[in-house]
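*Asks:* Mind having a look at this structure? Questions to follow.
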Amino acid sequence: MNTDSNLPEKSAPEVDFPIERVEAEHVSRREFTKFLCFVSGGMAVGSGWVAAKDRLFPPHRIEGEAFVCNVSDVPVGGTHPFTVAGSKTQFMLIHLNDGSWRAYEQKCTHLSCAVFYQPQTDKIQCPCHNGWFDARTGTVLQGPPPRPLPRLDVVIKGEDIYVTEPKSA
Amino acid sequence: MSNFREAQRQAHPTKTNTLLLGIMCVLILIVIMQIWLLTAALNESLDGHNAVKWPAFWVSLLLFGSGAALLRYLPAPIRLPAREVVREAFPHAALAWRTLGISAVSLALAFAVWFMWSAIPLRLKDAGFVFTRQQLFWLTATPVLLGSFLRIPYGLIVSTFGSRRSYAFVTLLLLLPCIATGFAVKNPTTPYWVLLACAALTGIAGANFATSMGVINLWFPKQAQGTALGINGLGNFGVTIAQFTIPLVIGFSLLGASGGTSSKPARSIHIENAAFIWIPFILTCSAAIWFGTKDNTAPPKTLASQLVAGKRLHTWVLSFLYFLTFGCFVAMGASLPLIIKEVFALAPGGAPKPLLFAPWAAAIATVMRPVGGWLADKFGAGLITSISIGTMAVGGFSLTGFLQPDQFTGFFIVILVICAAAGLGNGSVFKIIPLVLSKEAGAAIGIVSCLGALGGFVPPLLLGWTMDHLGGPAWAYTGMALFALVCLFVNIWFYHRRSSPTHC
């Protein structure tokens, strides 16, 4: 089928490492097709990862209540960053202006910048791309973040502040 | 008269062009759809709606499969493939396959006998012996040492004395360690050096591997040797069989009045059964070899011509590669229960049972060995070895990320992947030996398997050392991964590069 090809005979190293720039940069259609197949395989693996990730590596859930700090440590309008045992996620405890308490993940749901609480406007701001969250519910008010900030329920026992997984609404 | 192909080509001169263009367009569409499925599933599952992700994965997998199937219709390339398949005559096919079956079973038996000294020291305390941990460790290690060194002479005798005679003889020889061990462990007052001598004697069972592979090498032509040697490698299942049966047989008496220890009235264990149980099988296998196979009619080679194998560079290169692939497999089998117990003792939900999970690692490596041999026959041993060693390197590096007590699932999956890759590499490296060292294949198999078995001795030592001095096995796994990288470069240089004179 290919007997009337008039390409010169080349040794294997000359074929694999061509000298001319045109030949070196040439991607044959065969190579491109196989590359497409490889990318397709990568997509399938990616879909598999998305599907199986929660089963294999479940997100960390807090057992019971986790101690954070004392009431006197955080003034009104102030925040207190904390982590829980067993996970590296950074959380933020907020003492709102009206005296109530909230706890949110400090990772912005857009591209994971650290958000911070602005007591003057009583809102949570992500400075990276000007995203704003409501301090009372964590929902998105403005900007690129797609989802509300993940939150934890705050339980006050006397002078101690505890956080626990929120009851699913 | 024009033939059909010629007429087709004249009717549609650019048929292959059109075909290739069509395949490319279909693949582009497939990739676009997969991108859409991936982003949709990701978005939905981040929002908490988990209904889409599994159907998306199955459809994506289906699309990938159909795309890969399309590659079958790629037109042939213009230049000739560089690798020529060596085809030899295969006169005695039926007898050869029968020999393979008998040989694999006998090899499994030999591995089971070899392994018994890995199981016996665990129960010596229950049988009334008092030894330190160091002494018990040496009891498990001595058979490995001797089994490695004896592989060199055991590989040589096949070409000198004939396949049937040598293999039947070495199988019958297994009676010696079984009887000696059985009587030695029955009596709790046996001194330590006697037990050590029995363990050393058991080392000869490990050397049967070289004889068995030599027999197969004699009977099969080059183009089928990868597959045949790989199927023979299924004899490694002897280790798995022993791991499951020895704990069972220790529990009850096989020999009636002559067996058993009487020190514990409530529950007596009959540890000597671990040795005696193999005796009927040894006799059966020796008879099967003697009556079921024939001596190969090829002219016997002199000892001197075989020993030349030690001078060849490729013997040592292949030993280097086999040190990694086989050593990894043995190390995973021997030290995995200990690692599971030590590292994951604090896992939430209780430590996973080591004996439930550990045999699977060795089993999967054994199963993948013939697969590796067959793939090496089809696609070239250099490529398959590179794939397997590369996977082992990646696996070794990623293993260090799964050593927290609550990460056992991920750890075990990576271990299985590494062992599967090691099995694949075992099969393909053994295919390279007769291709590159055709005249001294028997002796070369002996030397390569000897050094490879030593590779099974080093990793447990390394793991023990890092556990004691560095607190965890992470550095041992990293060291193994770095060694695998070196092996990868060696393999690519000698056997994978198309311009290498020993391209496989």
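The values are calculated or read from the model by the stated rules, or taken from the named source; none is laboratory data. All values derive from a computational prediction rather than experimental measurement. Note that each Cβ is placed from the backbone with ideal geometry, even for glycine, and that neighbours are counted across all protein chains shown.
*Asks:* Please verify whether the stretch B:382-392 includes one or more residues that are within 14 Å of chain A (Cβ to nearest Cβ) and touching a Cys at 6+ places or on another chain (Cβ under 6 Å).
*Replies:* Yes, that holds for at least one residue.
*Asks:* Pick from the stretch B:153-189 the residues that are outside any helix (DSSP H, G or I) and without any contact (Cβ under 8 Å) to a residue 40 or more places away in the chain: which of them is nearest to B:Ile271 (Cα to Cα)?
*Replies:* This residue is B:Asn187.
*Asks:* Would you pick out the residues in the stretch A:94-130 that are away from chain B (no Cβ under 14 Å) and polar (S, T, N, Q)?
*Replies:* Listed by number, the residues that qualify are A:Asn97, A:Ser100, A:Gln106, A:Gln118, A:Gln120, A:Thr121, A:Gln125, A:Asn130.
*Asks:* Answer yes or no as to whether B:Ala376 is in the same structural domain as B:Val343 (by TED's automatic domain parsing), outside any loop (DSSP other than H, G, I, E, B) and modelled with pLDDT of 90 or more. Break it down into steps so the answer makes sense when it comes.
*Replies:* Values: in the same structural domain as B:Val343 (by TED's automatic domain parsing): yes; outside any loop (DSSP other than H, G, I, E, B): yes; modelled with pLDDT of 90 or more: no.
So B:Ala376 does not fit the description; no.
*Asks:* Same structure again: Of everything in the stretch B:405-443, what is out of contact with any Pro (no Cβ under 8 Å at 6 or more places or on another chain) and small (Gly, Ala, Ser)? Give them in sequence order.
*Replies:* B:Gly410, B:Ala420, B:Ala421, B:Ala422, B:Gly423, B:Gly425, B:Ser428, B:Ser438, B:Gly442, B:Ala443
*Asks:* Moving on. Identify, from the list B:Val417, B:Val429, B:Val458, the residue that is surrounded by fewer than 19 Cβ atoms within 10 Å (Cβ to Cβ), at pLDDT 80 or above and assigned by TED's automatic domain parsing to the domain that holds B:Arg497. Don't jump to the end; show me each part of the working.
*Replies:* Working: B:Val429 fails: surrounded by fewer than 19 Cβ atoms within 10 Å (Cβ to Cβ); B:Val458 fails: at pLDDT 80 or above.
Answer to the check: B:Val417.
*Asks:* Report, by residue number, each residue of the stretch A:140-169 that is surrounded by 12 or more Cβ atoms within 10 Å (Cβ to Cβ) and of a type in the set (Gly, Ala, Ser).
*Replies:* Hit for the stretch A:140-169 is A:Gly143, nothing else.
*Asks:* While we're here: Among what's in the stretch B:29-46 and is among the aliphatic types (A, V, I, L, M) and touching a Leu at 6+ places or on another chain (Cβ under 7 Å), pick the residue that is farthest from the other protein chains (Cβ to nearest Cβ).
*Replies:* B:Met33
*Asks:* Still on this structure, I have one more. Exactly one of these conditions fails for B:Ala7: (1) in a helix (DSSP H, G or I); (2) closer than 13 Å to A:Val50 by Cα; (3) small (Gly, Ala, Ser); (4) more than 10 Å from every other protein chain (Cβ to nearest Cβ). Give me its number.
*Replies:* (2)
*Asks:* Would you call A:Val71 out of contact with any Ser or Thr (no Cβ under 6 Å at 6 or more places or on another chain), among the aliphatic types (A, V, I, L, M) and surrounded by 12 or more Cβ atoms within 10 Å (Cβ to Cβ)? Give the derivation first.
*Replies:* Numbers: out of contact with any Ser or Thr (no Cβ under 6 Å at 6 or more places or on another chain): yes; among the aliphatic types (A, V, I, L, M): yes; surrounded by 12 or more Cβ atoms within 10 Å (Cβ to Cβ): yes.
So A:Val71 fits the description; yes.
*Asks:* Checking B:Leu416 against (1) within 14 Å of chain A (Cβ to nearest Cβ); (2) in contact with a Phe, Trp or Tyr (Cβ under 6 Å, 6 or more places away or on another chain); (3) of a type in the set (A, V, I, L, M): exactly one of these is not met. Which one?
*Replies:* Here B:Leu416 meets the rest and fails (2).
*Asks:* Out of the residues in the stretch B:44-75 that are aromatic (Phe, Trp, Tyr) and surrounded by 12 or more Cβ atoms within 10 Å (Cβ to Cβ), state the one that is farthest from A:Gly41 (Cα to Cα).
*Replies:* Among those that are aromatic (Phe, Trp, Tyr) and surrounded by 12 or more Cβ atoms within 10 Å (Cβ to Cβ), it is B:Trp54.
*Asks:* Would you please name the residue that is modelled with the highest pLDDT, looking only at residues in the stretch B:47-66 that are under 11 Å from A:Val50 (Cα atoms) and more than 7 Å from chain A (Cβ to nearest Cβ)?
*Replies:* Selected residue: B:Val52.
*Asks:* Tell me which residues, restricted to the stretch B:464-483, are closer than 17 Å to B:Ala393 by Cα and touching a Ser or Thr at 6+ places or on another chain (Cβ under 9 Å).
*Replies:* Within the stretch B:464-483, B:Pro473, B:Ala474, B:Trp475, B:Ala476, B:Tyr477, B:Thr478, B:Gly479, B:Ala481 meet the criteria.
*Asks:* Here's another thing I want to ask about it. Identify all residues within the stretch B:461-503 that are outside any helix (DSSP H, G or I) and within 14 Å of chain A (Cβ to nearest Cβ); write none if there are none.
*Replies:* Matches in the stretch B:461-503: B:Arg497, B:Arg498, B:Ser499, B:Ser500, B:Pro501, B:Thr502, B:His503.
*Asks:* Do we have B:Thr202 as over 26 Å from B:Lys431 (Cβ atoms), assigned to a helix (DSSP H, G or I), touching a residue at least 40 places away in the same chain (Cβ under 8 Å) and not aromatic (Phe, Trp, Tyr) here?
*Replies:* Yes; evaluated as a whole, the condition is true for this residue.
*Asks:* To continue, here is another question. Just checking, does the stretch B:297-313 include any residue being modelled with pLDDT of 80 or more and not assigned by TED's automatic domain parsing to the domain that holds B:Glu440?
*Replies:* Within the stretch B:297-313 (the criterion being modelled with pLDDT of 80 or more and not assigned by TED's automatic domain parsing to the domain that holds B:Glu440), the answer is no, since none of the residues qualifies.
*Asks:* Let me ask something additional. Please tell me if B:Ala69 is small (Gly, Ala, Ser), within 37 Å of the chain's Cα centre (by Cα) and modelled with pLDDT of 90 or more. Spell out the reasoning first.
*Replies:* Details: small (Gly, Ala, Ser): yes; within 37 Å of the chain's Cα centre (by Cα): yes; modelled with pLDDT of 90 or more: yes.
So B:Ala69 fits the description; yes.
*Asks:* All but one of (1) in contact (Cβ under 8 Å) with a residue 40 or more places away in the chain; (2) exposed (fewer than 15 other Cβ atoms within 10 Å of the Cβ) hold for A:Trp101; which doesn't?
*Replies:* The failed condition is (2).
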